[in-house]
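First comes the structure, then the notes that go with it.
Every number in this text was worked out from the coordinates using simple rules, so none of it is lab data. Everything numeric in this text was worked out from a predicted model, so none of it was measured. Note: ideal-geometry Cβ built from the backbone for every residue, glycine included; neighbour counts use all protein chains shown.
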Amino acid sequence: MVDRIGSVYLKRLFFLHLGRTEALKRILLQPLQMHTPTASCSIHNQRQVARAWAFASAQLAWEARPDLSIRFIESALGPLEVQLTCDQCRDRLKAHMETVKIQWSAVKDFNILMKARPSL
């Protein structure tokens, strides 16, 4: 199969996979933004949420693959929302998850590379 692909496209494929993996790590490791503390949600509570996000996203980044689906990201990070009692924290988490999904879907895909290559 390597002979059929050719060295140029094989190199492009490897660099595409490496680039997608690095992009996913960069996207996931962006910290969760905190809101102004309220009577029901202190800075301590928000730090716990931020730590939970950091832990879950670090696990995803550790297992990062170039073909990681958005549904897998949702299933890994979604349970964090269930534990939240603060509406502002929940809204920020949802917004951050949406940003992650949008940024990940914007990263160059393997299918784009395959459409760009000449037919074998």
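The figures follow:
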{"item": "Structure-based [θ]222 nm, the chain - -39500 (n - 2.57) summed over DSSP H runs of at least 4, per residue, nearest 500", "result": "-22000 deg cm²/dmol"}
{"item": "Most positive-pole-ward Cα, V49, L29, A39, against dipole of the stretch 10-57 from beta carbon charges", "result": "L29"}
{"item": "The chain: relative contact order in percent, alpha carbon pairs under 8 Å with at least 6 residues between", "result": "37 percent"}
{"item": "Correct choice for P(r) over Cα pairs in 10 Å bins from 0, in percent that was computed from the model, options (i) 12, 44, 40, 4, 0; (ii) 12, 38, 24, 15, 8, 3, 0; (iii) 13, 49, 33, 5, 0", "result": "(ii)"}
{"item": "Amide H contacts under 5 Å for H35, placed H, 5+ residues apart", "result": "none"}
{"item": "Angle between the chain longest axis and helix 43-62 axis [Cα atoms, degrees, rounded to 10]", "result": "20 degrees"}
{"item": "Among 41-54, 61-74, the order from most to least packed when residues are scored by Cβ within 10 Å on average", "result": "41-54, 61-74"}
{"item": "Theoretical gain in end-to-end length, A64 to M34 [0.36 nm per residue, Cα-Cα removed]", "result": "8.2 nm"}
